[in-house]
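To keep things clear, I will list the structure first and then write my remarks on it.
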Amino acid sequence: MELAEVSSPCFSNWVHTSSARKLSQESWTQKRSRKISRQNSRISTTVSLYHHRAKYTEEELKETLQRWVQNPEHEETVKLKKLVRQGVLPTLRSDLWTDASGGGDIILNSPHYYEEMIDDMGIQVPSNIPSTIFSGSRDFPPYILSSGGRKTCLKILYILSHMHPDVHYAPLIPPLASLFLHFVDEDLCYACLSALMNSRRSLLDQSQRAVALMAKTFQDALKSYSMSSYKVIKLFVQSSSGEQVPKNTVLIHDWLTWMFHYLDFWTLVFIVDSFLVQGPKVLVRVGLIVFSHFAKFIEKEAEGSENLNLEDLFKQFAAQMPLRGYRLLQTAFKIFGLSRKQLEKLKSKNISLLKNEVGDINNTKQPLSMFAVQGSNLLTKQEWELLWFWLPARLQIKKPVCIFTTDTDGCSIRTLYNKCQADDETVLLIKSSAGEIIGAFLNTNWGERDSGRKTLAYFGTGECFVFRLSPSPVKYPWTGLEKKDHGNNDLFMAGDDKCLVVGGGGGNHAIWLDNELCRGRSGQCLTFGNEQLTETEDFLCTRVDVFGFVSEI
């Protein structure tokens, strides 16, 4: 694979060689002695910024790393992070990244994992791959990869996107793929990225809501660490837009993306060293230092920045940021009181805000994109996006999971109820023999049907709604949202061993299914004020699916 020649030893040698060469050239005359002194000072500073200060042996790090991989408990994590914070020996970075990401285990168990994945799935890699995979509209950062290395990176991202069709937005994956390719080969890079995406350590945010939530959490941490820095950034945003910023609005939604696109290559490499061991807390720590310095830059450059947006200004700042390399990491690790527990507390508060739809946490130019659901091909991407737009905002931070389908679970209404008993909120989807797709969002557990009632009884709340996705998409919310007199229009959902019902009143149901999930009926009902959802009142079901939700964050 054609990658640009780059490694820590080469970089350090370049610095030292450059220093010696300049010294020999400049010692010819005393006239330039003061200039020599200034240059030597800059060279010395560069070496201290990027040259590790590791006092451990290779064997010591390797042994500690293997103990941590086998038993990643607190004690072993502390031992490993202390070594990594000293700086990673250039010859050990590949081992650290491979094992800490989990890619090493994959390759150990399946040496040809990458090739087998491509062959088994029959993936055909196109000649022209979009450079914005996982990142919305932003190109991936190639850093110092050669043209061949860039093509390889795009190929890896393309295959990852095929193997993870449920992930459309994960902006940290492209820069990580690019960085990994500087130190490991193509097969191992894919295995490492795949392991990170599937990791139970939740190292990567893999949805727009999760990214927005992390941005809000980082912003809250910045307020705690340096309120003055937050106020400077807020004032700049307000003056640029000419509008007041509402409470709970995320000002720097792309804070992490900016860092991985604009900070220098080796600083990012050192950040990844610690991130793979300690997790997202490292990114927050570094971000606090970077953005507190950025705020000072804004104050200094305020007069000449009227025509710049915040990202352009950050790009200028990053190019001349004085604190970088190991010094940046050392400063970040000295922040007192920023524990994982504190970050989880901030995140929990923001999850609550999101559930209650308070503020503009998802303050992003990227439209929310829904994803394909593994195990179900009932809806197109466009239909999922529309359905997701209709759902309550709190559910958009979660992933849909197909918990029942007549394709594999059979056509018994009792099986449907049993499969749904752990889910309080579900989406019911029905495909008719005429190709129509109708359904309902139901926000109460189907177990309520057994609450001591002997007859069919309704339950649920006014969040429920019914809809048709094909043809002519339409949503019918609860009519009680507009009418004060509910009367007989709070008949949301009901079920027993004979039938399943959604909506009622006026002698009809919006949706009725028999106990074999083969026959259905749709009519106008008072609860949702809906028109008949299907062309004919009675219809045959060719497919019935139910989806639940699992947390992404």
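Every number in this text was worked out from the coordinates using simple rules, so none of it is lab data. Since we're looking at a predicted model, the values are computed, not measured. All Cβ positions, glycine included, derive from the backbone under ideal geometry; neighbour counts span all protein chains shown.
Any idea which of Ile133, Ile123, Pro90 is furthest toward the positive side of the dipole for the stretch 76-138, if Lys and Arg beta-carbons carry +1 and Asp and Glu beta-carbons -1?
Result: Pro90.
Return the sequence-ordered ³J(HN,Hα) values of the stretch 469-475 in whole Hz as given by the Karplus equation 6.51 cos²θ - 1.76 cosθ + 1.60 applied to θ = phi - 60°, using x for Gly and Pro.
Rounded to whole hertz, the list is 9, 8, x, 6, x, 7, 10.
Please give the residues of the stretch 246-280, grouped as numeric ranges, whose backbone N is less than 13 Å from a label point set 7 Å along the Cα-to-Cβ vector of Arg340.
Residues passing the 13 Å test: 275-280.
Mind checking the full-extension length gain between Asp264 and Asp185? Use 0.36 nm per residue of separation minus the Cα-Cα distance, one decimal, nm.
Stretched out fully, the Asp264 to Asp185 stretch lengthens by 26.2 nm.
Taking R0 as 22 Å, what FRET efficiency do you get between Val474 and Ala393 from their Cβ-Cβ distance, rounded to the nearest 0.05?
Details: r = 21 Å, r/R0 = 0.94.
In this case the efficiency is close to 0.60.
For Leu540 and Ser228 in the same chain, what is the full-extension length gain: residue separation times 0.36 nm, less their Cα-Cα distance, in nm? Walk me through the intermediate numbers first.
Values: separation 312, 0.36 × 312 = 112.32 nm, distance 6.39 nm.
Gain on extension, Leu540 to Ser228, equals 105.9 nm.
Return the FRET efficiency for the residue pair Lys151, Glu116: r is the Cβ-Cβ distance, R0 is 30 Å, and the value is rounded to the nearest 0.05.
Values: r = 22 Å, r/R0 = 0.72.
The pair Lys151/Glu116 has a calculated efficiency of 0.90.
Quickly work out the Gln124-to-Thr455 label distance, labels modelled 7 Å from Cα along the C-beta direction, and quote it in nm with one decimal.
Distance between the two pseudo-spin positions: 6.1 nm.
Where does the charge balance sit around Leu378 when Lys and Arg score +1, Asp and Glu -1, over other residues with C-beta under 15 Å from its C-beta?
Values: positive: Lys381, Lys431, Arg468, Arg543; negative: Asp166, Glu383, Glu385, Asp407, Asp409, Glu436, Asp545.
So the surrounding residues net to -3.
Calculated FRET efficiency, Thr415 and Leu386, Cβ-Cβ r, R0 35 Å, to nearest 0.05? Before the final figure, lay out the partial values.
Details: r = 29 Å, r/R0 = 0.82.
With a Förster radius of 35 Å, E is 0.75.
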